[in-house]
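The values are calculated or read from the model by the stated rules, or taken from the named source; none is laboratory data. All values reported here derive from a predicted model rather than from experimental measurement. Neighbour counts run over all protein chains shown; Cβ positions are idealised from the backbone, glycine included.
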Amino acid sequence: MKAVLYVSHGSRKNQAKEEAIHLLTQVQRRIDCELFHICFLELADPDVLEGIRRLVEKGADKIVIIPVLLLSAGHYFKDIPSEMEKAKVIYPDISITYGQTLGVQERITDVLVDRLKELPAELDETTNVLLVGRGSRNPATKTSIESIAGTLKEKSSIPHIQTCYLAALSPPFTEAFEESLRNYSKTIVVPYLWFTGLLFDSLEESVRDARDNGDHVYLASYLNDHPNMIHSLVDRVNQALKKGMEEEEGVR
């Protein structure tokens with residue numbers, strides 16, 4: 001029996017877990033595979049091995065693992081595969097297929113366009129937009145965020161847009177934010193984050209402090225359950241299910 005295991009990032013903030021479950025439940029309604037489970041990489045339960053165990057107990061012998069991640073970095077290349085290898089030792093007869101992250105997609109950049117439209121701020125020459133990525137040690141992350149920024153600038157006719165990061169990459173958000181406040185009349189912070197969490201909370205705090213100081217600054221919402229996010233993940237699940245079928249046929 002085939003099954004889908006969604007692996008979301010996880011957060012200390014319970015709202016983030018609830019948002020992930022809400023989105024993934026909507027995704028699963030569009031998938032032709034009844035057996036599924038939702039687990040988390042860290043900071044929330046169940047973890048990956050527990051998710052696999054529960055599916056096996058329900059009769060799964062073919063499991064498609066879906067990384068609920070925006071970009072391919074350490075979690076995708078190291079952490080999830082490490083858990084998969086542990087599972088293969090415990091369940092040697094179970095077939096495990098690994099899906100892809102969402103990656104850079106124009107329709108996801110369209111979500112950022114919509115998030116900008118939700119704000120009361122006008123985009124003019126006095127405005128600077130900060131596209132904030134989570135950051136990672138994988139050099140492809142910086143290339144991806146810069147590509148997304150370029151597409152966003154074209155789609156929204158943004159006069160000034162900069163990329164910055166919350167960890168591991170330069171420039172760090174705090175540095176770029178302070179520079180923007182000094183050099184522009186208005187600053188718009190656009191987080192490239194899927195769900196809420198402590199990182200988004202830190203952005204909210206920075207924006208709130210700047211407002212209290214008299215700065216004109218706005219914070220866009222994160223991606224969350226925008227229809228484009230649901231459709232993008234549905235496609236990734238269907239691609240992985242097809243890959244699993246092809247792998248099974250290749251073994252025969």
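I'd like to check something: does region 142-152 contain any residue that is in contact (Cβ under 8 Å) with a residue 40 or more places away in the chain and loosely packed, with under 14 Cβ neighbours inside 10 Å? If you could, list the steps in order and put the result at the bottom.
Of the residues in region 142-152, the ones in contact (Cβ under 8 Å) with a residue 40 or more places away in the chain are 144-145, 147-148, 151-152.
The next check asks that each one be loosely packed, with under 14 Cβ neighbours inside 10 Å; those that pass are 147.
Yes, because at least one residue in region 142-152 is in contact (Cβ under 8 Å) with a residue 40 or more places away in the chain and loosely packed, with under 14 Cβ neighbours inside 10 Å.
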Revision key, fill the gap. For Gly135, the lone unmet condition from (1) buried (at least 19 other Cβ atoms within 10 Å of the Cβ); (2) closer than 19 Å to Ala73 by Cβ; (3) modelled with pLDDT of 95 or more is (3)
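Could you identify the single residue in Ser72, Ser82, Ser95 that is among the hydroxyl-bearing types (Ser, Thr, Tyr), assigned by TED's automatic domain parsing to the domain that holds Val234 and free of Cβ contacts under 8 Å to residues at least 12 places away in the same chain?
On the way: Ser72 fails: free of Cβ contacts under 8 Å to residues at least 12 places away in the same chain; Ser95 fails: free of Cβ contacts under 8 Å to residues at least 12 places away in the same chain.
From the options Ser72, Ser82, Ser95, the qualifying one is Ser82.
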Check your understanding: Out of (1) buried (at least 20 other Cβ atoms within 10 Å of the Cβ); (2) closer than 30 Å to Ile21 by Cβ; (3) modelled with pLDDT of 95 or more, what's the single condition that is false for Phe177?
Key -> (2)
Exercise for review: Can you run down the residue pairs with Cβ atoms below 9 Å, 6 or more apart or on separate chains, where the first is in region 153-178 and under 18 Å from Glu204 (Cα atoms) and among the polar types (S, T, N, Q) and the partner is in a strand (DSSP E or B) and at pLDDT 95 or above?
Suggested key: Thr163/Leu130; Thr163/Leu131; Thr163/Val132; Thr163/Gly133; Thr174/Cys164
Practice item. Return the total of residues in region 143-176 being farther than 20 Å from Val113 by Cα and not β-branched (Val, Ile, Thr). Key: 10
Check your understanding: If Leu102 satisfies every condition in (1) within 30 Å of Leu241 (Cβ to Cβ); (2) surrounded by fewer than 18 Cβ atoms within 10 Å (Cβ to Cβ); (3) not acidic (Asp, Glu) but one, which is the exception?
Key -> (2)
Practice item. Could you pull out every one of the helices (runs of 4 or more DSSP H) wholly within region 1-99 that has 3 or more residues that are out of contact with any helix residue (DSSP H, G or I) (no Cβ under 7 Å at 6 or more places or on another chain) and more than 22 Å from Gly197 (Cα to Cα)? Key: 48-57, 80-90
Review point. Which residue out of Lys117, Lys155, Lys86, Lys78 is exposed (fewer than 15 other Cβ atoms within 10 Å of the Cβ), among the basic types (Lys, Arg) and over 22 Å from the mean Cα position of the chain (by Cα)?
Key: Lys86
Revision key, fill the gap. In region 35-64, anything closer than 26 Å to His226 by Cβ and surrounded by fewer than 18 Cβ atoms within 10 Å (Cβ to Cβ) is listed as Glu42, Leu43
Exercise for review: Confirm whether Ser95 is of a type in the set (Gly, Ala, Ser) and in contact with a strand residue (DSSP E or B) (Cβ under 6 Å, 6 or more places away or on another chain).
Suggested key: yes
Practice item. May I ask you to list pairs of residues, at least six apart or on different chains, whose Cβ atoms are under 8 Å apart, with the first in region 1-15 being touching a residue at least 12 places away in the same chain (Cβ under 8 Å) and the second being of a type in the set (Lys, Arg)? Key: Met1/Lys58; Met1/Lys62; Lys2/Lys62; Ala3/Lys58; Ala3/Lys62; Ser8/Lys17; Gly10/Lys17; Ser11/Lys17
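So how many residues does region 104-121 have that are in contact with a Ser or Thr (Cβ under 7 Å, 6 or more places away or on another chain) and not in a helix (DSSP H, G or I)? Write out each step before concluding.
Quick first cut of region 104-121, residues in contact with a Ser or Thr (Cβ under 7 Å, 6 or more places away or on another chain) only: 104-109, 113, 115-116, 118, 121.
Filter once more, keeping what is not in a helix (DSSP H, G or I): 104-105, 118, 121.
Selection size over region 104-121: 4.
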Exercise for review: Could you please give the count of residues in region 53-90 that are in contact with a Phe, Trp or Tyr (Cβ under 7 Å, 6 or more places away or on another chain) and among the hydrophobic types (A, V, I, L, M, F, W, C)?
Suggested key: 7
Review point. Somewhere in region 57-68, is a residue farther than 20 Å from Gly133 by Cβ and under 13 Å from the mean Cα position of the chain (by Cα)?
Key: yes
